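To keep things clear, I will list the structure first and then write my remarks on it.
The values are calculated or read from the model by the stated rules, or taken from the named source; none is laboratory data. Since the model is a prediction, treat every value here as computed from it, not as a measurement. Positions of Cβ are backbone-derived with ideal geometry, glycine not excepted, and every protein chain shown enters the neighbour counts.
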Ligand SMILES: [Zn+2]
């Protein structure tokens with residue numbers, strides 16, 4: 001017989017897909033794109049997810065302002 005039972009993917013929803021931390025009944029988590037992300041990792045996940053949208057507030061030390 002080959003690997004019977006223990007499907008590795010079986011309980012993936014009970015585990016944070018980022019930190020692999022186990023999620024217990026009652027624990028809050030976010031279901032993002034089919035993956036479970038615990039609260040602690042949400043910030044990290046969001047930051048990576050929205051990395052392309054990251055902007056910095058202009059101002060401060062601007063000298064040579066480009067003319068559009
Ligand atoms: Zn996590």
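List of remarks:
- Any pair with Cβ under 7 angstrom, 6 or more apart, that starts in the range 24-52 at a residue that is in contact (Cβ under 8 Å) with a residue 24 or more places away in the chain and ends at one that is within 10 Å of the ligand (Cβ to nearest atom) and part of a strand (DSSP E or B): 36/15; 36/29; 45/37
- Subset of the range 15-25 that is more than 8 Å from the ligand (Cβ to nearest atom) and out of contact with any helix residue (DSSP H, G or I) (no Cβ under 7 Å at 6 or more places or on another chain) - its residue that is nearest to residue 50 (Cα to Cα): 15
- Restricting the range 48-65 to residues that are assigned to a loop (DSSP other than H, G, I, E, B) and modelled with pLDDT of 85 or more, the residue that is farthest from residue 37 (Cα to Cα): 59
- Residue within the range 26-38 that is surrounded by 10 or more Cβ atoms within 10 Å (Cβ to Cβ), out of contact with any helix residue (DSSP H, G or I) (no Cβ under 7 Å at 6 or more places or on another chain) and in a helix (DSSP H, G or I) present: no
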